[in-house]
Amino acid sequence: LEMPAGMIPVTASGDEWTLKANAPRSHAPDITREQFAQMLGIATDDVRDGALWVDTGSEQLIMPLASADAVERCQPNAELLMRYSVGNKRKGLAYVWARIDDATIRARFFFTKYSSVIEDPGTGSACANLGGWFIASGARLPLKVKVLQGDQVGRPCRLGLAVDAGGGIFVSGRVIALG
């Protein structure tokens, strides 16, 4: 794929395609768990420590939550998303996630547009950044998980995330080629 982030290697096996993300860069946001909770419309106890801005090609705020239920209950406030979610290159967006079990993650990606909050049903770039979050957080590698996204907007998306022992990040999913 030729993207603003550069040439992204992609392999295909039938209708499942896998991209190899760029090496991640990350930095911590400068806001509190309480501000995150207000921004997402959830309780402070629902927000885990460890939020990071991660960039494997498109900078995004990657936020771990305490449970899949907390991910499902998020009701972001557009004004607070613009105020609190500010990175080096982007603002007004957040990728929230939590483990369902060792092999499955529930995620949602919110961004602002025209003073409203929009939810993306499937976000490969944010999934790649989640891989970068695992690397930056010192997770045991290799890892392989399925990421469930899009259910809350009626467009279920299933992505695969793998991070190899060398820190290579791979995102896969079923693709319908349009052009």
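Select from region 85-101 the residues that are open to solvent by 10 Å² or more (accessible area, probe 1.4 Å) and modelled with pLDDT of 95 or more and list them in ascending order. Explain how you work it out, then say what you get.
Going through region 85-101, the residues open to solvent by 10 Å² or more (accessible area, probe 1.4 Å) turn out to be 86-91, 99-101.
Result: 99, 100, 101.
Limited to region 106-135, what total is found for residues that are touching a Gly at 6+ places or on another chain (Cβ under 7 Å) and basic (Lys, Arg)?
The qualifying residues number 0.
Would you be able to tell me the number of residues in region 146-172 that are in contact with a helix residue (DSSP H, G or I) (Cβ under 7 Å, 6 or more places away or on another chain) and under 14 Å from residue 127 (Cβ atoms)?
Residues of region 146-172 that are in contact with a helix residue (DSSP H, G or I) (Cβ under 7 Å, 6 or more places away or on another chain), as a first pass: 147, 152, 159, 161, 163, 167, 169, 171.
Of the ones still in play, those that are also under 14 Å from residue 127 (Cβ atoms) are 147, 159, 161, 163, 169, 171.
Residues meeting the conditions: 6.
If I go through region 95-122 residue by residue, how many of them are touching a residue at least 40 places away in the same chain (Cβ under 8 Å) and of a type in the set (Ser, Thr, Tyr)?
1
Okay, residues lined up against (1) among the β-branched types (Val, Ile, Thr); (2) assigned to a strand (DSSP E or B); (3) buried (at least 21 other Cβ atoms within 10 Å of the Cβ); (4) modelled with pLDDT of 95 or more:
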{"position": "17", "(1), (2), (3), (4)": "no, yes, no, no"}
{"position": "22", "(1), (2), (3), (4)": "no, no, no, no"}
{"position": "37", "(1), (2), (3), (4)": "no, no, no, yes"}
{"position": "45", "(1), (2), (3), (4)": "no, no, no, yes"}
{"position": "71", "(1), (2), (3), (4)": "yes, no, yes, yes"}
{"position": "76", "(1), (2), (3), (4)": "no, no, yes, yes"}
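Tally the residues that are under 18 Å from residue 56 (Cα atoms) and not hydroxyl-bearing (Ser, Thr, Tyr), restricting the search to region 146-172. Lay out the reasoning, then the answer.
Filtering region 146-172 for residues under 18 Å from residue 56 (Cα atoms) gives 147, 159-172.
Subsequent filtering for residues that are not hydroxyl-bearing (Ser, Thr, Tyr) retains 147, 159-171.
Going through region 146-172 one residue at a time, the tally reaches 14.
For residues in region 119-170 being part of a loop (DSSP other than H, G, I, E, B) and charged (D, E, K, R), which is surrounded by the fewest Cβ atoms within 10 Å (Cβ to Cβ)?
Of all residues in region 119-170, those part of a loop (DSSP other than H, G, I, E, B) come to 121-123, 137-142, 150, 154-156, 164-168.
Keeping just the survivors that are charged (D, E, K, R) gives 140, 155, 164.
On the way: 140: 8, 155: 12, 164: 14.
Here the residue is 140.
The values are calculated or read from the model by the stated rules, or taken from the named source; none is laboratory data. Being a predicted model, the structure only gives us computed values, none of them experimental. Cβ coordinates were reconstructed from backbone atoms using ideal geometry, including for glycine residues, and neighbour counts include every protein chain displayed. What goes into the accessible areas is simple: the full protein's heavy atoms, side chains included, and nothing from ligands, DNA or RNA. Shrake-Rupley method; radii C 1.70, N 1.55, O 1.52, S 1.80 Å.
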